[in-house]
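In what follows, a structure is listed as structure tokens, so that the remarks can point back to it.
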């Protein structure tokens, strides 16, 4: 009888701990894109740049059945790579969209206040809901849209860093 009770307690503890650990474990995967802001782009004009997120596909192999779910954007950041004397204060607004094949585009991050930004700034996360279908698609696209306060006098290179969170699928 003691063995039966002890076995029941161990089995219950194991099941509870496994499901607790699984619910606590979140996968985080990054995506980085480089955006070139060319010399001479006029102020107050919306400019768009798109990239294909091929490194995300290598994590899932373009497999819609990847063992993750509840994918959400958790962090978005824009960093000025060059020129070293540049500043993100030259921007009026910045938006980041993700889509599958350029369709069903979702706004995941944006920012419209660059006043005290220096050369790196976290973007405001949008309420884009779950991104499972977009991130697990074969052709994830990331599109950045920005507006400058003043025309640029030299090329600027930016890095847009996105972090996605997910939980393991059961």
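A few remarks follow.
- Inter-residue pairs, beta-carbon under 6 Å, first under 14 Å from residue 134 (Cα atoms) and in segment 44-72, second modelled with pLDDT under 55 and part of a helix (DSSP H, G or I), 6+ apart: 66/60
- Scanning segment 120-141 for residues that are farther than 19 Å from residue 27 by Cβ and crowded, with 18+ Cβ neighbours inside 10 Å yields a total of 3.
- Of all the criteria given as (1) modelled with pLDDT of 80 or more; (2) in contact with a helix residue (DSSP H, G or I) (Cβ under 9 Å, 6 or more places away or on another chain), the one not satisfied by residue 97 is (2).
- In segment 140-157, the qualifying residues are those that are part of a strand (DSSP E or B) and in contact with a helix residue (DSSP H, G or I) (Cβ under 8 Å, 6 or more places away or on another chain), and the one that is nearest to residue 76 (Cα to Cα) is 140.
- Looking only at segment 158-170, and only at residues there that are assigned to a strand (DSSP E or B) and out of contact with any helix residue (DSSP H, G or I) (no Cβ under 9 Å at 6 or more places or on another chain), the one that is farthest from residue 120 (Cα to Cα): 165
- Residue 115, sole failed condition from (1) in contact with a helix residue (DSSP H, G or I) (Cβ under 7 Å, 6 or more places away or on another chain); (2) crowded, with 17+ Cβ neighbours inside 10 Å: (2)
The values are calculated or read from the model by the stated rules, or taken from the named source; none is laboratory data. Remember, it's a predicted structure, so these values are computed and weren't measured experimentally. Using ideal geometry, Cβ is built from the backbone for each residue, glycine included, and neighbour counts are taken over all protein chains shown.
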